[in-house]
Amino acid sequence: MATERAQAASPNARILVVDDVEDNRDLLTRRLRREGYIDIALAADGEEALAMIGAGNFDLVLLDVMMPKCDGYQVLERLRADGRLLDLPVIVISALDEIDSVVRCIQLGAVDYLPKPFNATLLRARVGASLEQKALRDTLRAHLTRLEQELDAARKLQMSMVPIDFPQATPEQPIEIFAAMEPAREVGGDLYDFFPTIDGRLAFAIGDVSGKGAPAAMHMARAKNLLRVVSGLMQAEGGGVASPAAIVARVNQELCENNDTMMFVTLIFGIIDPKTGIVAFCNAGHDPPYRLGATGVAAVEAPQGMALGIMPTWAYETAEMTLAPGEALYLFTDGITEAMDVADALFGKERLEAALLGLASGPLDRVIAAVMEAVTGFAQGCAQADDITSLAIRRLA
């Protein structure tokens, strides 16, 4: 049965028989052909075998241990050093009284052994099982390669959904803005966005979707698109864009519909008037932003509503603040404050505030990069556990 499965999975299996005794090579070749294996190559010693393996692709090697010039141990050591044993199964051929040699070969990477004199049933079973395992590994590797390609494409698609061209400040729009996003996996659930409104102001948002990976990324895309669509359609009674709270409430209603997985989004959505510096914003369960100014760094306290996607009737509130010329807002996701070091300690808000201190007047790209450097230094090589996103806006004089 194993032989049939192996042949079905790999009908054109190439087998290399390596033995310094011609009679052994002939005997193995005849028995392999009786089992249906046609593509069989022969090598009389280890050096010839290594040259043939380097020049062509084989699915299985039957390797004698005791050979002149280059024995089976040396062949296995060379193949292991080259990383070939990960893809090429080797069955050792050994006499029954050479069990220590077999153990050493298994330790070097051989997958199985065939005792001399050859037994047709053992040959069939062990060759068939080795080829079947190789076929399964090849299938799995091909699947993983396709998956990696798809995830890489998904990452590129996700990164293309957030703006990466940051407009230069002008006298009419004296606003500097910069953002960065680093998913913990190939794709993630963080989001940021900014776009002009129909009344000449600038909308901005930062959010964090529960969970990670592809489901979070898809939910992120939905939330981001809803923000843009609702912001463009909803208007206030006197004209112009609706309040951030009204926009967030409408987005929340949409995200609550058909949300069987109960995914939620924490979000800060705001609109800044470049002329006056007035910032109207709504916080839906997100960490408060920081205000960076000449006097230092301070968290912006404001009403904090429920995360989106949980309760469709939640009443959100709009808060207001005014950025003086030169002041900036720094918004972030909890991938920064919840980054951990080797002792499982959190980066925390105190370290974030310390990193931001003294950066208030620096370029915003440097502010964001400096925080990321502080997080990376603190983690000391620990794998990133959560998506990291930050966005900064400064009103210029």
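The values are calculated or read from the model by the stated rules, or taken from the named source; none is laboratory data. None of these values were measured; they are calculated from a predicted model. Here Cβ is always computed from backbone atoms with ideal geometry, including for glycine, and neighbour counts include all displayed protein chains.
Take the conditions (1) more than 20 Å from Gly109 (Cβ to Cβ); (2) assigned to a loop (DSSP other than H, G, I, E, B); (3) under 47 Å from the mean Cα position of the chain (by Cα); Ala41 misses just one of them, which is (2). Of all residues in the range 90-146, those being crowded, with 18+ Cβ neighbours inside 10 Å and outside the structural domain of Asn24 (by TED's automatic domain parsing) number 0. For the range 44-149, the helices (runs of 4 or more DSSP H) that sit wholly inside it and include 3 or more residues that are at pLDDT 90 or above are 46-55, 72-81.
Given the options Ala216, Ala280, Ala223, name the one that is modelled with pLDDT under 95, under 18 Å from Leu331 (Cα atoms) and surrounded by 17 or more Cβ atoms within 10 Å (Cβ to Cβ). Only one candidate qualifies: Ala223. Listed by first and then second residue, the pairs linking a residue in the range 24-50 that is at negative phi to a residue that is at pLDDT below 90 and aliphatic (A, V, I, L, M), with Cβ atoms under 7 Å apart and 6 or more places separating them unless they lie on different chains, are Arg31/Ala120; Arg31/Leu123; Tyr37/Ala13; Asp39/Ala13; Asp45/Met67; Gly46/Met67. Determine, yes or no, whether Ala81 is within 35 Å of the chain's Cα centre (by Cα) and in the same structural domain as Ala43 (by TED's automatic domain parsing). Judged against the criteria, Ala81 is a match.
Among residues of the range 228-241 that are basic (Lys, Arg), those with a beta-carbon under 9 Å from a residue that is surrounded by 14 or more Cβ atoms within 10 Å (Cβ to Cβ) at least six positions away or on a different chain give the pairs Arg228/Asp193; Arg228/Ala203. Can we say Gln384 is of a type in the set (S, T, N, Q) and farther than 21 Å from Gly207 by Cα? Considered against the rule, which asks whether it is of a type in the set (S, T, N, Q) and farther than 21 Å from Gly207 by Cα, Gln384 comes out as no. Counting the residues of the range 184-213 that are within 13 Å of the chain's Cα centre (by Cα), surrounded by fewer than 23 Cβ atoms within 10 Å (Cβ to Cβ) and in a loop (DSSP other than H, G, I, E, B) gives 4.
The rows are residues; the columns are (1) in contact with a strand residue (DSSP E or B) (Cβ under 6 Å, 6 or more places away or on another chain); (2) of a type outside the set (Val, Ile, Thr).
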| position | (1), (2) |
| --- | --- |
| Gln74 | no, yes |
| Leu79 | no, yes |
| Gly83 | no, yes |
| Pro89 | yes, yes |
| Ile93 | yes, no |
| Tyr113 | yes, yes |
| Pro117 | no, yes |
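Taking residues in the range 106-128 that are farther than 18 Å from Asp19 by Cβ, and partners anywhere that are basic (Lys, Arg), the pairs with Cβ atoms closer than 6 Å and at least 6 places apart or on different chains are Gly109/Arg80. Consider the range 294-318 and keep the residues that are crowded, with 18+ Cβ neighbours inside 10 Å and closer than 30 Å to Pro171 by Cβ. The one that is farthest from the chain's Cα centre (by Cα) is Thr318. Considering (1) of a type outside the set (Asp, Glu); (2) free of Cβ contacts under 8 Å to residues at least 60 places away in the same chain; (3) in contact with a Lys or Arg (Cβ under 9 Å, 6 or more places away or on another chain); (4) closer than 27 Å to Asp165 by Cβ, the lone condition that Ala370 does not fulfil carries the number (3).
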